[in-house]
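The values are calculated or read from the model by the stated rules, or taken from the named source; none is laboratory data. Small disclaimer: the values here were computed from a predicted structure and weren't measured. Because the Cβ atoms are built from the backbone with ideal geometry, glycine has one as well, and the counts that use them run over all protein chains shown. Note: accessible area is taken over every heavy atom of the protein model, side chains too, but ligands, DNA and RNA are not part of it. Shrake-Rupley method; radii C 1.70, N 1.55, O 1.52, S 1.80 Å.
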Amino acid sequence: QVQLVESGGGLVQPGGSLTLSCVPSRSITSIYAMGWYRQAPGKQRELVALISNAGTANYADPVKGRFTISRDIDKNTMFLQMNSLKPEDTAVYYCNADTEGYGLGSESGAWGQGTQVTVST
């Protein structure tokens with residue numbers, strides 16, 4: 001499987017901002033969709049935001065209006081701009097790419113190992 005590498009996580013105060021980046025370990029020729037997931041302690045992994053191959057973005061209700069997903073095709077990089085962060089956003093964030101057409105979130109797709117985001121005073 002293609003490996004993805006996330007970066008940009010860290011500790012931030014409530015109301016602050018962070019930008020996460022995701023880069024594949026090698027070129028990916030077929031990407032049907034890309035997205036960001038997160039998993040907090042004691043909770044299931046949840047989809048935060050996705051962007052289709054046509055560039056259409058969708059967001060989970062808890063992050064609407066605060067997070068923005070984007071991509072730089074030339075640099076093979078995906079971003080998640082997170083504003084107005086809340087303690088409830090604390091989680092490990094994972095980037096994911098559907099490289100086979102099975103659907104976003106498939107274990108056969110490309111995943112990163114995650115980056116920790118902690119929102120606290």
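Annotations
- Any chance D74 is out of contact with any Phe, Trp or Tyr (no Cβ under 8 Å at 6 or more places or on another chain), modelled with pLDDT of 95 or more and among the acidic types (D, E): no
- Of residues in segment 80-105 being within 13 Å of C22 (Cβ to Cβ) and open to solvent by less than 30 Å² (accessible area, probe 1.4 Å), the one farthest from the chain's Cα centre (by Cα): A97
- Selection within segment 18-77 - assigned to a strand (DSSP E or B), open to solvent by 40 Å² or more (accessible area, probe 1.4 Å) and among the aromatic types (F, W, Y): Y59
- Qualifying residue in segment 106-118 (condition: open to solvent by less than 40 Å² (accessible area, probe 1.4 Å) and free of Cβ contacts under 8 Å to residues at least 40 places away in the same chain): yes
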